[in-house]
Amino acid sequence: MSERVILHSDMNCFYASVEMLHHPEFAGMPLAVGGDPEARHGIVLTANYIAKKKGVKTGMALWQAKQICPEIIFVPPRMDLYLRFSQMAREIYSEYTDKIEPYGIDEAWLDVSDSRNLKGSGMTIAREISHRIKYELGVTVSIGISWNKIYAKLGSDYKKPDAITEFNRENYKDRIWQIPASDLLYVGRQTNKKLQKLGIRTIGQLAESDEKLLESHFGKIGNVLWAFANGWDEDPVCKEGYEAPIKSIGNSTTTPRDLENDLDVWIIQIALAESVAARLRKH
Ligand SMILES: [Mg+2]
């Protein structure tokens, strides 16, 4: 059986890139997409590279961003517009494979193993997709190529914007082993802290650590992380249209002001419960 060829495509600074396209008057200026600056939702969702260079980061409060980058321009998010771009990217992907698994609005895995006879190698396909998205949509992507989903995702993070990185059997140790373990999918802040305590800082150290030791500290997740670090990830790229079974339904919100009495709490609770109930009925 020949090895799988999986791409992970990630649109760079997605919201900000789409907004830059629609605001040519802001060319060359630092820009961030963020919520209403008056409300508490006022955080940076995405910043363009010019703003990032000045230190503006996703999740930062708008006032903080303004402090470190006074000339920054804020635009409110337009999710319907971003969804349309996401859909257009997906239409391009679907010309290369029917095995597409979106990861958020701006990323997707593509299994192009069966497309090689028709469309060429993973690298050829990646170049074509990158070129088409740039010229047909006007935004750039970074694409990772590997034989498994985990390494393909690391590849799309490895070099950006507008880059293609391939991790194959020949080069993966040279290139992946030095990457911080925290960049690995599913290594959150807490897990990373624990890994650091064990002296594990890089993916290479994780891959070459004792699996039993990881298991004793993390349980089953320890085995999974160890396998992922080694590139032993057989997880399939889900077919287009596949919907993961729903295991739970919930809702949360950030209120524009503090809740000060029972009535305040009651109103918010009813609003949240209604949305949860509607979705429960739907499913
Ligand atoms: Mg992205």
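Only residues that are open to solvent by 70 Å² or more (accessible area, probe 1.4 Å), touching a residue at least 24 places away in the same chain (Cβ under 8 Å) and either under 15 Å from R175 (Cβ atoms) or within 16 Å of the ligand (Cβ to nearest atom) (or both): list them for the stretch 135-162, please. Before you say what the answer is, go through the steps one by one.
Here is the first cut: in the stretch 135-162, the residues open to solvent by 70 Å² or more (accessible area, probe 1.4 Å) are 135-136, 158-160.
Still in the running and touching a residue at least 24 places away in the same chain (Cβ under 8 Å): 136, 160.
Answer for the stretch 135-162, where residues must be open to solvent by 70 Å² or more (accessible area, probe 1.4 Å), touching a residue at least 24 places away in the same chain (Cβ under 8 Å) and either under 15 Å from R175 (Cβ atoms) or within 16 Å of the ligand (Cβ to nearest atom) (or both): just K160.
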| request: Please state which of the following conditions I200 fails to meet, knowing it meets all the rest: (1) of a type in the set (V, I, T); (2) open to solvent by less than 20 Å² (accessible area, probe 1.4 Å); (3) assigned to a helix (DSSP H, G or I). | output: (3)
| field | Failed item, numbered, when Y96 is tested on (1) in contact with an Asp or Glu (Cβ under 9 Å, 6 or more places away or on another chain); (2) farther than 30 Å from S115 by Cα | value | (2)
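Go through E95, E101, E71 for me and flag whichever is among the charged types (D, E, K, R), touching a residue at least 24 places away in the same chain (Cβ under 8 Å) and more than 22 Å from A27 (Cα to Cα).
Among E95, E101, E71, only E101 is among the charged types (D, E, K, R), touching a residue at least 24 places away in the same chain (Cβ under 8 Å) and more than 22 Å from A27 (Cα to Cα).
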| task | Report the residue count in the stretch 163-190 for those that are open to solvent by less than 30 Å² (accessible area, probe 1.4 Å) and touching a helix residue (DSSP H, G or I) at 6+ places or on another chain (Cβ under 8 Å). | result | 8
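Can you tell which of D264, D233 is under 25 Å from R90 (Cβ atoms), open to solvent by less than 50 Å² (accessible area, probe 1.4 Å) and of a type outside the set (S, T, Y)?
Details: D264 fails: under 25 Å from R90 (Cβ atoms).
Only one candidate qualifies: D233.
With the requirement that a residue be among the hydrophobic types (A, V, I, L, M, F, W, C) and under 20 Å from G104 (Cβ atoms), what does the stretch 165-207 give you? Quick ask: steps written out before the conclusion?
Going through the stretch 165-207, the residues among the hydrophobic types (A, V, I, L, M, F, W, C) turn out to be 167, 176-177, 179, 181, 184-185, 187, 195, 198, 200, 203, 206-207.
Correct list: L184, L185, V187.
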| Residue satisfying all of: in the stretch 6-28; away from the ligand (no atom under 16 Å from the Cβ) and closer than 20 Å to I133 by Cα; least open to solvent (accessible area, probe 1.4 Å) among these | I6
| field | Complete set of residues in the stretch 104-120 that are open to solvent by 50 Å² or more (accessible area, probe 1.4 Å), without any contact (Cβ under 8 Å) to a residue 60 or more places away in the chain and away from the ligand (no atom under 15 Å from the Cβ) | value | D114, N117, L118, K119
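The values are calculated or read from the model by the stated rules, or taken from the named source; none is laboratory data. These numbers were taken from a predicted model, which means no experiment stands behind them. Note: ideal-geometry Cβ built from the backbone for every residue, glycine included; neighbour counts use all protein chains shown. For accessibility, only protein heavy atoms count, side chains too; no ligands or nucleic acids. Shrake-Rupley method; radii C 1.70, N 1.55, O 1.52, S 1.80 Å.
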